[in-house]
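What follows is a set of notes on a single structure, which appears directly below.
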Amino acid sequence: MTARKRIGVLISGRGSNLQSLIDACNEPDYPAEIALVISNRPNAYGLERAQKAGIETRVIDHKHYPAREAFDADLDGALREADVDIVCNAGFMRLLTEGFVEAWRDWQLNIHPSLLPAFRGLHPQQQALDAGVCISGATVHFVRHEMDAGPILAQAAVPVHADDTEDSLSERILQAEHRLYPHALRLVASGAAWVEGEIVRYATAAGKAALLNWSLSD
Ligand code: GRF
């Protein structure tokens, strides 16, 4: 097997998506390993998950920085020091500067709990309920400077039920996220998907189509 890609995961909170990536990376044939987990919040539960898995962690607390540029420079420095190939945002609640986004262009992923481009920003599950959609889901995309925008890599759909609350829909989408993110990262880390312009290309048709098949199955 060619060398596993080194992943840096950015978190701010509970880190359940981080956990799904940790679990995936424990599979022997997975094409990536987590080199570093960085949180901007010192009490993020995801830090404990990483430590339990024996993964290096760093806290880079945005409150200690007067400007976003300085925060992002330290973030970038820590990722370079750890020799990271791909950055995965997993519940990371900071807007990144254009400089940082450009430095990791086409090598930074984010997961968002809606079927983008619908419902960007905060509370996308409530936005979906308010819009009355019948189907929602999760998206993994390459990061661009605009929030929750960028080439779409993978999506999973879930049904919206008539009696859903923000919590119940969030939980259903989260279960889909935990399957989607490892799948999406595998595509990029193995070279089976990449960005051309603003569109994601796949080495085989199955790279994209497989997601459509399992997305509504439960
Ligand atoms: C997830 O719903 C993710 O899509 C969004 O923030 C949430 C993070 O959850 N960006 P967790 O920290 O991974 O449990």
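The values are calculated or read from the model by the stated rules, or taken from the named source; none is laboratory data. This is a predicted model, so every value here is computed, not measured. Methodologically, a virtual Cβ is constructed for each residue, glycine included, from the backbone with ideal geometry; neighbour enumeration extends over all protein chains shown. With ligands, DNA and RNA removed, areas are computed over all heavy atoms of the protein, side chains included. Shrake-Rupley method; radii C 1.70, N 1.55, O 1.52, S 1.80 Å.
Annotations
- Under the simplified labelling scheme, the D23-T204 pair shows an inter-label distance of 2.4 nm, with each label point 7 Å from Cα along Cα→Cβ.
- Contact order relative to length of the stretch 111-212, as percent, for alpha carbon pairs under 8 angstrom and 6 or more apart: 25
- Hydrodynamic radius by Kirkwood, which averages 1/r over all alpha carbon pairs of the chain, in angstrom: 17.6
- Residues whose amide H lies under 5 Å from that of A154, counting only those 5 or more places away or on a different chain, are V140; hydrogens are built 1.01 Å from N in the peptide plane.
- Heavy-atom surface of the chain, accessible at 1.4 Å and reported per residue (Å²): 47
- Per-residue 3J(HN,Hα) values for the stretch 12-22, derived from phi via the Karplus relation 6.51 cos²θ - 1.76 cosθ + 1.60 with θ = phi - 60°, read 9, x, 5, x, 6, 5, 4, 4, 5, 6, 4 Hz in sequence order (x marks Gly and Pro).
- Hz values of 3J(HN,Hα) by residue in the stretch 144-159 - Karplus curve (6.51, -1.76, 1.60), Gly and Pro given as x: 10, 5, 5, 4, 6, 10, x, x, 7, 9, 7, 9, 10, 9, 10, x
- Within the accessible area of the chain (1.4 Å probe), percent carbon and sulfur: 52
- Only protein heavy atoms count here; under a 1.4 Å probe, K208 has an accessible surface of about 110 Å².
- For the listed peptides 23-29, 180-186, 146-152, a ranking on the average number of other beta carbons within 10 Å per residue, highest first, reads 180-186, 146-152, 23-29.
- Modelled label positions at W194 and Q175, each set 7 Å beyond Cα in the direction of Cβ, lie 3.7 nm from each other.
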